[in-house]
Amino acid sequence: MRVLVTGATGFVGGRLVPALADAGHDVVAVVRDPDRYDPPDGVEVAAGDLLDDDLSLPSADAAYYLVHSMGSGGDFEERDRRCARNFAAAASDAGVERAVYLGGLGGDRDDLSDHLRSRREVEHLLADGDYDLTVLRAAVIVGAGSASFSVVRQLVEHLPVMVTPRWVRTPCQPIAIADVVAYLTCVLAHPETAGETYEIGGPDVLTYEEMLRTTARVTDNALHLLPVPVLSPRLSSYWLALVTDVPTSVARPLVEGLKNPVVCEDDRLRELCDVTPTAFEDAVRAALAEDA
């Protein structure tokens, strides 16, 4: 297939582009500034800014939407809204037959955070396009360059004694970046996934406290947690921005999302794609090795 990848320079897109090329697809990486992008061998590059209301995309059989505006400052929800609408219109005009979107895990009936609610809104806006949309929903993605995993890792490395809010006991089903890329690549080979929504996660359901403790053990860091129930998400985000290099514009939506349990309720895609899930500890080790 001829496949477009938006967000090709990002944490997920940067790994997906070569994986799709290795799978035999003709890949077009859509980036804002082609002069600053060094594509893998055989990958075509096209200029495109999803915030451009006159966005035009090359013709293709399928397209991946891997864009989000969190961390760009200002109203990330409005920017996400605008990008999704522009993509849906441009992909439809380009004759795209299938689109694939990586969104956020979380129950529709939950009191979702702004971040997760925006992810869900993007799903609905993308569904307006003249193509079949496949949605994959994931929680924390573990890998070098992941903002959410960077928070976990840097907290462990910088704070041997940590005052923790109640969200450290929220259950989460993290997933290794290698597994995410495998699922994203797999759905393109299965026409029956068109128009479907799937939840993807690793084999371990952990609280954030357990994720912190596991990461501390792997990195050989001492860790003592002192729960403080009155520490609000807003204060937590300022605290994270102080002790990590994750900016407040990223830390705040991430922390507010930690109030929502993010656990898979179906594993249909695991069986279809024959992916062997990576254990959280192994995913942490892989992320650390890549950074090293």
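The values are calculated or read from the model by the stated rules, or taken from the named source; none is laboratory data. Predicted, not measured: the structure shown is a model, and the values here were computed from it. Cβ: placed from backbone, ideal geometry, glycine included. Neighbour counts: every protein chain shown.
Things worth noting here:
- Yes/no for Ala194 being in contact with a Lys or Arg (Cβ under 9 Å, 6 or more places away or on another chain), more than 17 Å from Ala279 (Cβ to Cβ) and not polar (S, T, N, Q): yes
- Qualifying residue in the stretch 1-12 (condition: in contact with a Gly (Cβ under 6 Å, 6 or more places away or on another chain), in a helix (DSSP H, G or I), buried (at least 19 other Cβ atoms within 10 Å of the Cβ) and not hydrophobic (A, V, I, L, M, F, W, C)): no
- Residue pairs whose Cβ atoms lie under 8 Å apart, separated by 6 or more positions or on different chains, with the first residue in the stretch 35-48 and under 19 Å from Ala60 (Cα atoms) and touching a residue at least 40 places away in the same chain (Cβ under 8 Å) and the second assigned to a loop (DSSP other than H, G, I, E, B) and of a type in the set (A, V, I, L, M, F, W, C), are Ala46/Leu57; Gly48/Leu55; Gly48/Leu57.
- Looking across the stretch 113-146, just one residue is assigned to a helix (DSSP H, G or I) and touching a Leu at 6+ places or on another chain (Cβ under 6 Å), and that is Leu126.
- Applying the condition of being of a type in the set (S, T, N, Q) and either more than 16 Å from the chain's Cα centre (by Cα) or closer than 15 Å to Gly143 by Cβ (or both) to the stretch 166-195 and asking which residue is modelled with the lowest pLDDT yields Thr170.
- Pairs, first in contact (Cβ under 8 Å) with a residue 12 or more places away in the chain and closer than 18 Å to Leu136 by Cα in the stretch 86-102, second hydroxyl-bearing (Ser, Thr, Tyr) and assigned to a loop (DSSP other than H, G, I, E, B), C-beta under 9 Å, six or more apart: Ala88/Tyr131; Glu97/Tyr131; Arg98/Tyr131; Ala99/Tyr131
- When residues in the stretch 269-292 are screened for being aliphatic (A, V, I, L, M) and either out of contact with any Phe, Trp or Tyr (no Cβ under 9 Å at 6 or more places or on another chain) or not in a helix (DSSP H, G or I) (or both), 6 of them pass.
- Taken together, the residues in the stretch 31-85 that are closer than 23 Å to Arg120 by Cα and among the aliphatic types (A, V, I, L, M) amount to 9.
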